[in-house]
Amino acid sequence: MTDKLIIFDTTLRDGEQSPGASMTRDEKLRIARQLERLRVDVIEAGFAASSNGDFDCVKTIASAIRDSTICSLARTNEGDIARAAEALKGAASGRIHLFIATSALHMEKKLRMTPDEVLAQTRASVRQARNLMADVEFSAEDGFRSDTDFLCRVLEAAIAEGARTINVPDTVGYAIPQLYGHFIKTLRERVPNSDKAIWSVHCHNDLGMAVANSLAGVKIGGARQVECTINGLGERAGNCALEEVVMAVKTRRDHFALDVGIATEHIVPASRLVSQITGFVVQPNKAVVGANAFAHASGIHQDGVLKARDTYEIMRAEDVGWSANKIVLGKLSGRNAFRQRLQQLGVTLESEGELVAAFAKFKELADRKSEIFDEDILALVFDESVTPEKEFYALVSLSQQSATGAMPRAKVAFTMGGRQVCGEAEGNGPVDASLKAIETQARSGAEMVLYSVNAISGNTESQGEVTVRLQNAGRIVNGVGADPDIVIASAKAYLSALNRLQNKSDRVVAQSGV
(Lines give C-alpha, C1' and ligand atoms only; values in the text may rest on other atoms or scores of the structure.)
Protein backbone atom coordinates (compact mmCIF):
# COMPACT_ATOMS: atom_id res chain seq x y z
CA MET A 1 0.00 0.00 0.00
CA THR A 2 1.09 3.56 -0.66
CA ASP A 3 -0.21 6.97 0.39
CA LYS A 4 0.09 8.16 -3.23
CA LEU A 5 -2.70 7.75 -5.75
CA ILE A 6 -1.32 6.67 -9.14
CA ILE A 7 -2.98 8.40 -12.10
CA PHE A 8 -3.20 6.15 -15.17
CA ASP A 9 -4.36 8.11 -18.21
CA THR A 10 -5.97 6.21 -21.08
CA THR A 11 -7.09 9.15 -23.25
CA LEU A 12 -4.92 7.89 -26.11
CA ARG A 13 -6.36 4.36 -25.97
CA ASP A 14 -9.77 4.08 -24.30
CA GLY A 15 -10.60 7.73 -24.95
CA GLU A 16 -9.84 7.24 -28.64
CA GLN A 17 -12.53 4.58 -28.83
CA SER A 18 -15.17 7.35 -29.03
CA PRO A 19 -16.53 7.36 -32.60
CA GLY A 20 -14.78 10.21 -34.38
CA ALA A 21 -12.04 10.63 -31.78
CA SER A 22 -9.38 8.78 -33.77
CA MET A 23 -6.05 10.63 -33.71
CA THR A 24 -2.98 10.71 -35.90
CA ARG A 25 0.45 9.81 -34.55
CA ASP A 26 1.49 13.47 -34.32
CA GLU A 27 -1.71 14.39 -32.49
CA LYS A 28 -1.20 11.56 -30.03
CA LEU A 29 2.36 12.69 -29.43
CA ARG A 30 1.20 16.27 -28.71
CA ILE A 31 -1.27 14.98 -26.15
CA ALA A 32 1.32 12.63 -24.63
CA ARG A 33 3.74 15.55 -24.17
CA GLN A 34 0.97 17.52 -22.44
CA LEU A 35 0.22 14.54 -20.19
CA GLU A 36 3.92 14.39 -19.32
CA ARG A 37 3.81 18.09 -18.34
CA LEU A 38 0.75 17.23 -16.26
CA ARG A 39 2.96 14.62 -14.53
CA VAL A 40 0.63 11.74 -15.25
CA ASP A 41 2.16 8.59 -13.74
CA VAL A 42 1.16 6.14 -16.49
CA ILE A 43 0.18 6.98 -20.09
CA GLU A 44 -1.59 4.23 -21.99
CA ALA A 45 -0.37 5.13 -25.48
CA GLY A 46 -2.45 2.63 -27.44
CA PHE A 47 -3.08 -0.96 -28.41
CA ALA A 48 0.08 -1.91 -30.31
CA ALA A 49 -1.28 -5.11 -31.85
CA SER A 50 -4.48 -3.53 -33.18
CA SER A 51 -2.83 -1.97 -36.26
CA ASN A 52 0.50 -0.90 -37.69
CA GLY A 53 -0.56 2.70 -37.06
CA ASP A 54 -1.17 2.12 -33.37
CA PHE A 55 2.11 0.20 -33.07
CA ASP A 56 3.90 3.21 -34.56
CA CYS A 57 2.09 5.55 -32.14
CA VAL A 58 3.09 3.51 -29.08
CA LYS A 59 6.68 3.20 -30.32
CA THR A 60 6.98 6.93 -31.03
CA ILE A 61 5.53 7.97 -27.68
CA ALA A 62 7.64 5.41 -25.80
CA SER A 63 10.79 6.90 -27.34
CA ALA A 64 9.77 10.54 -26.76
CA ILE A 65 8.36 10.52 -23.21
CA ARG A 66 10.86 10.18 -20.36
CA ASP A 67 8.99 11.19 -17.18
CA SER A 68 5.90 8.95 -17.36
CA THR A 69 5.53 5.18 -17.67
CA ILE A 70 4.32 4.29 -21.18
CA CYS A 71 1.84 1.45 -21.44
CA SER A 72 0.42 -0.65 -24.28
CA LEU A 73 -2.75 -2.69 -24.05
CA ALA A 74 -2.60 -6.35 -25.13
CA ARG A 75 -4.94 -9.29 -25.22
CA THR A 76 -3.82 -12.46 -23.46
CA ASN A 77 -2.19 -14.06 -26.49
CA GLU A 78 1.43 -14.45 -27.55
CA GLY A 79 1.22 -12.22 -30.62
CA ASP A 80 -0.31 -9.25 -28.80
CA ILE A 81 2.18 -9.49 -25.95
CA ALA A 82 5.21 -9.70 -28.25
CA ARG A 83 3.93 -6.76 -30.30
CA ALA A 84 3.42 -4.63 -27.17
CA ALA A 85 6.90 -5.45 -25.87
CA GLU A 86 8.44 -4.55 -29.23
CA ALA A 87 6.64 -1.18 -29.35
CA LEU A 88 7.79 -0.36 -25.82
CA LYS A 89 11.50 -1.15 -26.34
CA GLY A 90 12.52 2.51 -26.35
CA ALA A 91 10.60 3.46 -23.21
CA ALA A 92 12.45 4.76 -20.17
CA SER A 93 9.70 3.03 -18.19
CA GLY A 94 7.33 0.62 -19.96
CA ARG A 95 4.30 -1.45 -18.99
CA ILE A 96 2.35 -4.21 -20.72
CA HIS A 97 -1.35 -4.10 -19.85
CA LEU A 98 -3.05 -7.48 -20.35
CA PHE A 99 -6.77 -8.04 -20.33
CA ILE A 100 -9.23 -10.91 -20.63
CA ALA A 101 -12.94 -11.06 -19.79
CA THR A 102 -13.94 -12.89 -16.60
CA SER A 103 -17.73 -12.46 -16.39
CA ALA A 104 -19.87 -15.50 -17.25
CA LEU A 105 -21.64 -13.49 -19.95
CA HIS A 106 -18.44 -12.42 -21.69
CA MET A 107 -16.74 -15.80 -21.38
CA GLU A 108 -19.69 -17.66 -22.88
CA LYS A 109 -20.95 -15.21 -25.51
CA LYS A 110 -17.79 -13.38 -26.57
CA LEU A 111 -14.75 -15.51 -25.78
CA ARG A 112 -16.50 -18.88 -26.07
CA MET A 113 -14.12 -20.14 -23.39
CA THR A 114 -14.66 -22.06 -20.17
CA PRO A 115 -13.59 -20.54 -16.84
CA ASP A 116 -10.74 -23.04 -16.61
CA GLU A 117 -9.50 -21.99 -20.05
CA VAL A 118 -9.60 -18.31 -19.04
CA LEU A 119 -7.65 -19.12 -15.87
CA ALA A 120 -5.02 -21.08 -17.79
CA GLN A 121 -4.67 -18.33 -20.40
CA THR A 122 -4.27 -15.74 -17.64
CA ARG A 123 -1.40 -17.70 -16.11
CA ALA A 124 0.39 -18.26 -19.40
CA SER A 125 0.02 -14.70 -20.70
CA VAL A 126 1.13 -12.97 -17.50
CA ARG A 127 4.13 -15.31 -17.35
CA GLN A 128 5.07 -14.46 -20.96
CA ALA A 129 4.62 -10.71 -20.43
CA ARG A 130 6.62 -10.80 -17.20
CA ASN A 131 9.52 -12.48 -19.02
CA LEU A 132 9.54 -9.59 -21.51
CA MET A 133 8.93 -6.67 -19.17
CA ALA A 134 9.17 -6.11 -15.43
CA ASP A 135 6.03 -3.98 -15.18
CA VAL A 136 2.88 -5.95 -16.04
CA GLU A 137 -0.72 -4.96 -15.33
CA PHE A 138 -3.61 -7.42 -15.52
CA SER A 139 -7.24 -6.41 -16.09
CA ALA A 140 -10.27 -8.63 -15.64
CA GLU A 141 -12.61 -7.21 -18.27
CA ASP A 142 -16.20 -6.86 -17.00
CA GLY A 143 -14.75 -7.62 -13.58
CA PHE A 144 -17.59 -6.05 -11.59
CA ARG A 145 -20.11 -8.45 -13.13
CA SER A 146 -17.87 -11.49 -12.59
CA ASP A 147 -18.42 -14.27 -10.06
CA THR A 148 -16.44 -13.31 -6.97
CA ASP A 149 -15.03 -16.79 -6.28
CA PHE A 150 -13.81 -17.24 -9.85
CA LEU A 151 -12.44 -13.70 -10.05
CA CYS A 152 -10.42 -14.28 -6.88
CA ARG A 153 -8.81 -17.36 -8.46
CA VAL A 154 -7.92 -15.45 -11.63
CA LEU A 155 -6.46 -12.45 -9.81
CA GLU A 156 -4.48 -14.65 -7.40
CA ALA A 157 -2.99 -16.47 -10.41
CA ALA A 158 -2.12 -13.20 -12.19
CA ILE A 159 -0.30 -11.90 -9.11
CA ALA A 160 1.49 -15.21 -8.60
CA GLU A 161 2.79 -15.04 -12.18
CA GLY A 162 4.20 -11.54 -11.64
CA ALA A 163 1.50 -8.94 -12.34
CA ARG A 164 2.41 -5.79 -10.38
CA THR A 165 -0.94 -4.05 -10.88
CA ILE A 166 -4.40 -5.62 -10.72
CA ASN A 167 -7.25 -3.73 -12.36
CA VAL A 168 -10.93 -4.49 -11.74
CA PRO A 169 -12.94 -2.64 -14.40
CA ASP A 170 -16.58 -1.69 -14.38
CA THR A 171 -16.53 -2.11 -18.15
CA VAL A 172 -20.18 -1.30 -18.82
CA GLY A 173 -20.78 1.33 -16.12
CA TYR A 174 -23.12 -0.93 -14.12
CA ALA A 175 -21.66 -0.31 -10.67
CA ILE A 176 -22.99 1.73 -7.75
CA PRO A 177 -20.36 3.49 -5.57
CA GLN A 178 -21.06 1.68 -2.29
CA LEU A 179 -21.28 -1.72 -4.00
CA TYR A 180 -18.19 -1.18 -6.13
CA GLY A 181 -16.09 0.04 -3.21
CA HIS A 182 -16.99 -3.01 -1.11
CA PHE A 183 -16.45 -5.31 -4.11
CA ILE A 184 -12.83 -4.12 -4.40
CA LYS A 185 -12.42 -4.43 -0.63
CA THR A 186 -13.76 -8.01 -0.69
CA LEU A 187 -11.40 -9.03 -3.48
CA ARG A 188 -8.39 -7.61 -1.66
CA GLU A 189 -9.38 -9.41 1.52
CA ARG A 190 -9.99 -12.76 -0.18
CA VAL A 191 -7.06 -12.91 -2.61
CA PRO A 192 -4.20 -14.37 -0.50
CA ASN A 193 -1.38 -12.50 -2.27
CA SER A 194 -3.27 -9.21 -2.75
CA ASP A 195 -0.55 -7.29 -0.91
CA LYS A 196 1.92 -8.12 -3.69
CA ALA A 197 0.17 -5.83 -6.21
CA ILE A 198 -1.24 -2.34 -6.51
CA TRP A 199 -5.00 -2.43 -7.06
CA SER A 200 -6.55 -0.31 -9.76
CA VAL A 201 -10.04 0.84 -10.79
CA HIS A 202 -11.33 1.56 -14.28
CA CYS A 203 -14.92 2.79 -14.43
CA HIS A 204 -17.18 3.77 -17.31
CA ASN A 205 -19.83 6.46 -17.07
CA ASP A 206 -22.97 4.83 -18.48
CA LEU A 207 -25.00 5.73 -15.38
CA GLY A 208 -23.05 8.92 -14.68
CA MET A 209 -21.14 7.45 -11.74
CA ALA A 210 -17.65 6.73 -13.12
CA VAL A 211 -15.91 9.27 -10.89
CA ALA A 212 -17.98 8.35 -7.83
CA ASN A 213 -17.34 4.64 -8.38
CA SER A 214 -13.61 5.20 -8.85
CA LEU A 215 -13.36 7.24 -5.66
CA ALA A 216 -15.34 4.59 -3.77
CA GLY A 217 -12.89 1.99 -5.05
CA VAL A 218 -10.10 4.14 -3.63
CA LYS A 219 -11.65 5.08 -0.29
CA ILE A 220 -13.58 1.91 0.56
CA GLY A 221 -11.73 -0.67 -1.52
CA GLY A 222 -8.17 0.51 -0.98
CA ALA A 223 -7.31 0.88 -4.67
CA ARG A 224 -4.25 3.05 -5.29
CA GLN A 225 -4.47 3.54 -9.05
CA VAL A 226 -7.30 5.22 -10.97
CA GLU A 227 -7.61 4.78 -14.73
CA CYS A 228 -9.15 7.85 -16.33
CA THR A 229 -9.19 10.18 -19.33
CA ILE A 230 -8.99 13.91 -19.96
CA ASN A 231 -12.53 15.39 -20.09
CA GLY A 232 -13.92 11.90 -19.36
CA LEU A 233 -13.46 11.07 -23.07
CA GLY A 234 -14.40 7.54 -24.08
CA GLU A 235 -16.81 5.28 -25.89
CA ARG A 236 -20.54 5.43 -25.11
CA ALA A 237 -20.94 7.82 -22.13
CA GLY A 238 -17.19 8.05 -21.55
CA ASN A 239 -14.72 7.20 -18.80
CA CYS A 240 -13.84 8.49 -15.36
CA ALA A 241 -12.64 12.11 -15.79
CA LEU A 242 -9.03 12.67 -14.73
CA GLU A 243 -9.56 16.30 -13.75
CA GLU A 244 -12.48 15.45 -11.45
CA VAL A 245 -10.72 12.60 -9.65
CA VAL A 246 -7.52 14.59 -9.17
CA MET A 247 -9.23 17.70 -7.84
CA ALA A 248 -11.56 15.67 -5.61
CA VAL A 249 -8.59 13.95 -3.95
CA LYS A 250 -6.59 17.18 -3.65
CA THR A 251 -9.51 19.32 -2.45
CA ARG A 252 -10.74 16.70 0.03
CA ARG A 253 -7.38 15.48 1.27
CA ASP A 254 -8.95 15.54 4.73
CA HIS A 255 -11.15 12.65 3.58
CA PHE A 256 -8.90 10.66 1.23
CA ALA A 257 -5.52 11.31 2.95
CA LEU A 258 -3.72 10.66 -0.34
CA ASP A 259 -1.13 12.53 -2.36
CA VAL A 260 -1.44 13.07 -6.11
CA GLY A 261 1.60 14.01 -8.18
CA ILE A 262 -0.36 15.87 -10.89
CA ALA A 263 0.74 19.41 -11.82
CA THR A 264 -2.81 20.72 -11.73
CA GLU A 265 -2.03 24.05 -13.42
CA HIS A 266 -1.74 22.07 -16.68
CA ILE A 267 -5.25 20.57 -16.43
CA VAL A 268 -7.09 23.24 -18.44
CA PRO A 269 -4.49 23.31 -21.26
CA ALA A 270 -4.69 19.50 -21.44
CA SER A 271 -8.48 19.66 -21.56
CA ARG A 272 -8.37 22.27 -24.29
CA LEU A 273 -5.85 20.32 -26.37
CA VAL A 274 -7.83 17.08 -26.21
CA SER A 275 -11.06 18.89 -27.06
CA GLN A 276 -9.45 20.66 -30.01
CA ILE A 277 -7.83 17.54 -31.46
CA THR A 278 -10.81 15.22 -31.03
CA GLY A 279 -13.56 17.76 -31.74
CA PHE A 280 -15.43 16.75 -28.56
CA VAL A 281 -16.53 20.06 -27.06
CA VAL A 282 -16.43 20.42 -23.26
CA GLN A 283 -19.86 21.30 -21.92
CA PRO A 284 -19.92 24.73 -20.17
CA ASN A 285 -21.05 23.31 -16.82
CA LYS A 286 -18.47 20.51 -16.81
CA ALA A 287 -16.73 20.27 -13.45
CA VAL A 288 -13.23 21.80 -13.21
CA VAL A 289 -12.67 22.44 -16.95
CA GLY A 290 -16.06 23.77 -18.13
CA ALA A 291 -16.31 27.46 -19.06
CA ASN A 292 -18.78 28.03 -16.22
CA ALA A 293 -16.93 25.98 -13.60
CA PHE A 294 -15.83 29.12 -11.74
CA ALA A 295 -18.54 31.53 -12.94
CA HIS A 296 -21.07 33.12 -10.57
CA ALA A 297 -24.34 34.55 -11.90
CA SER A 298 -26.33 34.84 -8.67
CA GLY A 299 -26.02 38.23 -6.96
CA ILE A 300 -25.77 36.55 -3.57
CA HIS A 301 -22.94 34.32 -4.80
CA GLN A 302 -21.11 37.22 -6.44
CA ASP A 303 -21.34 39.27 -3.27
CA GLY A 304 -20.04 36.38 -1.19
CA VAL A 305 -17.08 35.67 -3.48
CA LEU A 306 -16.10 39.33 -3.53
CA LYS A 307 -16.09 39.41 0.27
CA ALA A 308 -14.41 36.05 0.79
CA ARG A 309 -13.57 33.76 -2.08
CA ASP A 310 -14.06 30.53 -0.17
CA THR A 311 -17.73 31.33 0.52
CA TYR A 312 -18.63 29.78 -2.83
CA GLU A 313 -15.37 28.46 -4.31
CA ILE A 314 -13.77 25.28 -2.97
CA MET A 315 -10.93 25.41 -5.53
CA ARG A 316 -8.92 28.26 -7.03
CA ALA A 317 -9.41 28.64 -10.78
CA GLU A 318 -5.69 29.39 -11.19
CA ASP A 319 -4.77 26.05 -9.61
CA VAL A 320 -6.23 24.10 -12.53
CA GLY A 321 -4.98 26.44 -15.25
CA TRP A 322 -7.72 29.06 -15.56
CA SER A 323 -6.42 32.62 -15.56
CA ALA A 324 -7.86 35.33 -13.36
CA ASN A 325 -6.62 37.87 -15.92
CA LYS A 326 -9.04 37.49 -18.82
CA ILE A 327 -8.02 40.26 -21.27
CA VAL A 328 -4.33 39.79 -21.81
CA LEU A 329 -3.01 40.95 -25.17
CA GLY A 330 -3.81 43.25 -28.06
CA LYS A 331 -2.72 44.14 -31.58
CA LEU A 332 0.37 46.02 -30.33
CA SER A 333 1.68 43.10 -28.27
CA GLY A 334 4.97 41.54 -29.38
CA ARG A 335 6.13 37.97 -29.76
CA ASN A 336 7.86 37.85 -26.36
CA ALA A 337 4.66 38.93 -24.60
CA PHE A 338 2.77 36.27 -26.56
CA ARG A 339 5.35 33.63 -25.62
CA GLN A 340 5.18 34.65 -21.94
CA ARG A 341 1.38 34.43 -21.92
CA LEU A 342 1.54 30.96 -23.39
CA GLN A 343 3.88 29.93 -20.58
CA GLN A 344 1.46 31.39 -18.01
CA LEU A 345 -1.32 29.36 -19.62
CA GLY A 346 0.75 26.19 -19.31
CA VAL A 347 1.21 25.79 -23.07
CA THR A 348 4.52 24.69 -24.56
CA LEU A 349 4.86 24.64 -28.34
CA GLU A 350 7.14 21.99 -29.79
CA SER A 351 9.14 24.22 -32.14
CA GLU A 352 9.96 27.81 -32.99
CA GLY A 353 8.05 27.28 -36.24
CA GLU A 354 4.85 26.56 -34.32
CA LEU A 355 5.37 29.69 -32.21
CA VAL A 356 5.87 31.84 -35.32
CA ALA A 357 2.76 30.38 -36.95
CA ALA A 358 0.67 30.85 -33.80
CA PHE A 359 1.88 34.43 -33.37
CA ALA A 360 0.99 35.23 -36.98
CA LYS A 361 -2.53 33.90 -36.36
CA PHE A 362 -2.71 35.97 -33.17
CA LYS A 363 -1.77 39.19 -35.01
CA GLU A 364 -4.33 38.41 -37.70
CA LEU A 365 -7.02 37.89 -35.07
CA ALA A 366 -5.99 41.05 -33.16
CA ASP A 367 -6.60 43.10 -36.32
CA ARG A 368 -10.18 41.83 -36.39
CA LYS A 369 -11.02 41.62 -32.68
CA SER A 370 -10.39 44.42 -30.18
CA GLU A 371 -9.99 42.23 -27.10
CA ILE A 372 -8.04 38.97 -27.02
CA PHE A 373 -9.00 36.54 -24.28
CA ASP A 374 -7.08 33.58 -22.90
CA GLU A 375 -9.66 31.32 -24.54
CA ASP A 376 -8.86 32.93 -27.91
CA ILE A 377 -5.15 32.26 -27.43
CA LEU A 378 -5.74 28.63 -26.51
CA ALA A 379 -7.96 28.21 -29.57
CA LEU A 380 -5.20 29.66 -31.75
CA VAL A 381 -2.36 27.49 -30.52
CA PHE A 382 -4.42 24.31 -30.59
CA ASP A 383 -5.83 25.02 -34.05
CA GLU A 384 -4.63 22.44 -36.57
CA SER A 385 -3.94 25.19 -39.11
CA VAL A 386 -1.23 26.63 -36.82
CA THR A 387 1.02 23.62 -37.33
CA PRO A 388 3.32 24.17 -40.30
CA GLU A 389 2.42 20.83 -41.88
CA LYS A 390 1.16 20.86 -45.47
CA GLU A 391 -2.57 20.14 -45.75
CA PHE A 392 -4.35 18.75 -48.78
CA TYR A 393 -7.25 21.20 -48.32
CA ALA A 394 -6.81 24.80 -47.13
CA LEU A 395 -9.18 27.77 -47.16
CA VAL A 396 -8.19 30.74 -49.34
CA SER A 397 -11.27 32.99 -49.27
CA LEU A 398 -15.00 32.91 -48.71
CA SER A 399 -17.81 35.26 -49.66
CA GLN A 400 -21.51 34.76 -49.11
CA GLN A 401 -24.75 36.64 -49.60
CA SER A 402 -27.93 36.23 -47.58
CA ALA A 403 -31.02 38.32 -47.06
CA THR A 404 -34.52 37.84 -45.70
CA GLY A 405 -36.63 36.08 -48.31
CA ALA A 406 -33.69 35.27 -50.57
CA MET A 407 -31.81 32.01 -51.04
CA PRO A 408 -28.31 32.36 -49.48
CA ARG A 409 -25.39 31.86 -51.86
CA ALA A 410 -21.70 31.29 -51.15
CA LYS A 411 -18.45 31.27 -53.11
CA VAL A 412 -15.47 29.48 -51.57
CA ALA A 413 -11.90 29.39 -52.88
CA PHE A 414 -9.60 26.77 -51.42
CA THR A 415 -6.54 24.76 -52.33
CA MET A 416 -6.89 21.08 -53.09
CA GLY A 417 -3.62 19.21 -53.35
CA GLY A 418 -1.74 22.46 -54.01
CA ARG A 419 -4.14 23.56 -56.77
CA GLN A 420 -6.59 26.42 -56.12
CA VAL A 421 -10.21 25.72 -56.94
CA CYS A 422 -13.42 27.69 -56.47
CA GLY A 423 -16.92 26.42 -55.74
CA GLU A 424 -20.30 28.16 -55.66
CA ALA A 425 -23.61 26.93 -54.30
CA GLU A 426 -26.95 27.93 -52.76
CA GLY A 427 -28.17 26.58 -49.44
CA ASN A 428 -30.68 26.84 -46.65
CA GLY A 429 -28.37 29.30 -44.89
CA PRO A 430 -24.91 30.81 -45.37
CA VAL A 431 -23.22 27.87 -43.61
CA ASP A 432 -25.10 25.29 -45.66
CA ALA A 433 -24.31 27.19 -48.87
CA SER A 434 -20.61 27.44 -47.99
CA LEU A 435 -20.21 23.74 -47.25
CA LYS A 436 -22.12 22.80 -50.39
CA ALA A 437 -19.81 25.12 -52.35
CA ILE A 438 -16.80 23.22 -51.01
CA GLU A 439 -18.39 19.91 -51.97
CA THR A 440 -18.90 21.01 -55.58
CA GLN A 441 -15.12 20.73 -55.95
CA ALA A 442 -14.09 18.25 -53.23
CA ARG A 443 -16.76 15.65 -54.16
CA SER A 444 -15.93 13.68 -51.00
CA GLY A 445 -19.27 11.87 -50.81
CA ALA A 446 -19.03 12.13 -47.02
CA GLU A 447 -22.10 12.26 -44.79
CA MET A 448 -22.19 14.91 -42.07
CA VAL A 449 -23.21 13.29 -38.80
CA LEU A 450 -22.54 16.23 -36.46
CA TYR A 451 -22.34 20.01 -36.68
CA SER A 452 -21.90 21.99 -33.48
CA VAL A 453 -20.93 25.55 -32.54
CA ASN A 454 -19.29 26.66 -29.32
CA ALA A 455 -18.60 30.29 -28.36
CA ILE A 456 -15.01 30.46 -27.10
CA SER A 457 -15.62 33.52 -24.90
CA GLY A 458 -18.80 35.15 -23.74
CA ASN A 459 -19.53 38.20 -25.90
CA THR A 460 -20.58 39.12 -29.43
CA GLU A 461 -16.92 39.49 -30.48
CA SER A 462 -16.28 35.91 -29.45
CA GLN A 463 -14.65 33.47 -31.79
CA GLY A 464 -16.96 30.67 -32.80
CA GLU A 465 -15.49 27.18 -32.60
CA VAL A 466 -17.21 24.77 -34.98
CA THR A 467 -16.97 20.98 -34.94
CA VAL A 468 -17.89 18.99 -38.03
CA ARG A 469 -18.05 15.19 -37.96
CA LEU A 470 -18.01 13.35 -41.29
CA GLN A 471 -18.53 9.69 -42.12
CA ASN A 472 -17.33 8.02 -45.27
CA ALA A 473 -16.71 4.36 -46.13
CA GLY A 474 -16.82 3.27 -42.50
CA ARG A 475 -14.49 6.03 -41.28
CA ILE A 476 -15.64 8.74 -38.87
CA VAL A 477 -13.54 11.89 -38.49
CA ASN A 478 -13.84 15.25 -36.76
CA GLY A 479 -12.77 18.65 -38.02
CA VAL A 480 -12.53 21.80 -35.90
CA GLY A 481 -12.31 25.43 -37.01
CA ALA A 482 -12.29 28.71 -35.09
CA ASP A 483 -12.96 32.25 -36.34
CA PRO A 484 -14.92 35.35 -35.29
CA ASP A 485 -17.01 34.76 -38.44
CA ILE A 486 -19.05 31.61 -37.83
CA VAL A 487 -19.40 30.90 -41.56
CA ILE A 488 -15.63 30.97 -42.03
CA ALA A 489 -15.19 28.82 -38.91
CA SER A 490 -17.61 26.31 -40.42
CA ALA A 491 -15.69 26.19 -43.70
CA LYS A 492 -12.41 25.71 -41.82
CA ALA A 493 -13.94 22.86 -39.78
CA TYR A 494 -15.31 21.16 -42.90
CA LEU A 495 -11.97 21.39 -44.69
CA SER A 496 -10.23 20.12 -41.55
CA ALA A 497 -12.49 17.05 -41.57
CA LEU A 498 -11.82 16.51 -45.28
CA ASN A 499 -8.08 16.61 -44.50
CA ARG A 500 -8.57 13.85 -41.98
CA LEU A 501 -10.47 11.76 -44.49
CA GLN A 502 -7.63 12.37 -46.94
CA ASN A 503 -4.97 11.46 -44.35
CA LYS A 504 -4.52 7.70 -44.39
CA SER A 505 -2.89 7.77 -40.94
CA ASP A 506 -6.35 8.42 -39.51
CA ARG A 507 -7.93 5.04 -38.98
CA VAL A 508 -11.01 3.29 -37.71
CA VAL A 509 -10.38 2.67 -34.01
CA ALA A 510 -10.17 -0.93 -32.85
CA GLN A 511 -13.23 -1.27 -30.62
CA SER A 512 -11.78 -3.35 -27.82
CA GLY A 513 -10.50 -2.83 -24.33
CA VAL A 514 -11.48 -2.86 -20.69
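The values are calculated or read from the model by the stated rules, or taken from the named source; none is laboratory data. Because the structure is predicted, anything quoted here is derived from the model rather than measured. Here the Cβ positions follow ideal geometry from the backbone for every residue, glycine too, while neighbour counts run over all protein chains shown. What goes into the accessible areas is simple: the full protein's heavy atoms, side chains included, and nothing from ligands, DNA or RNA. Shrake-Rupley method; radii C 1.70, N 1.55, O 1.52, S 1.80 Å.
Quick notes on this structure:
- Charging the Cβ of each Asp and Glu at -1 and of each Lys and Arg at +1, and nothing else, the dipole of the chain about its Cα centre rounds to 460 debye.
- When a 1.4 Å probe is rolled over the protein heavy atoms, the share of accessible surface on the range 15-142 that falls to carbon and sulfur comes to 46 percent.
- The range 217-293, accessible surface, carbon-and-sulfur percent (1.4 angstrom probe): 47
- Helix axis angle, 115-132 relative to the chain longest principal axis, alpha carbon, degrees: 70
- Partners for LYS4 among lysines (Cα-Cα distance below 28 Å; same-chain residues under 8 apart left out): LYS28, LYS89, LYS185, LYS196, LYS219, LYS250, LYS286
- For the chain, the longest principal axis of the C-alpha atoms and the axis of helix 177-190 are separated by about 40°.
- At R0 = 45 Å, FRET efficiency that the Cβ-Cβ distance of LEU258 and SER399 yields, to 0.05: 0.20
- You can think of it this way: the chain between SER51 and ASN131 has 26.4 nm of extra reach, that is 0.36 nm per residue less the Cα-Cα gap.
- Annotation for GLU313 and ASP116: the two label points, set 7 Å from Cα along the Cα-Cβ direction, are 6.4 nm apart.
- Each Lys and Arg adds +1 at its Cβ and each Asp and Glu adds -1 at its Cβ; summed about the Cα centre, the range 178-235 shows a dipole of about 300 debye.
- Protection-proxy order for peptides 43-51, 348-356, each taking the mean of Cβ atoms within 10 Å per residue, highest first: 43-51, 348-356
- Residues in the range 463-478 reached by a label modelled at GLU447 [backbone nitrogen below 15 Å; 7 Å Cα→Cβ]: 469-477
- The angle between the Cα long axis of helix 267-278 and the main principal axis of the chain comes to about 70°, on a 0 to 90 degree scale.
- Solvent exposure of the chain as accessible area per residue, Å², 1.4 Å probe: 41
- With a simple spin-label model that places each label point 7 Å from the Cα along the Cα-to-Cβ direction, the separation between ALA104 and ASP3 comes to 4.4 nm.
- Peptides 32-42, 9-19, 120-130 ranked from most to least packed, by the mean per-residue count of other Cβ atoms within 10 Å: 9-19, 32-42, 120-130.
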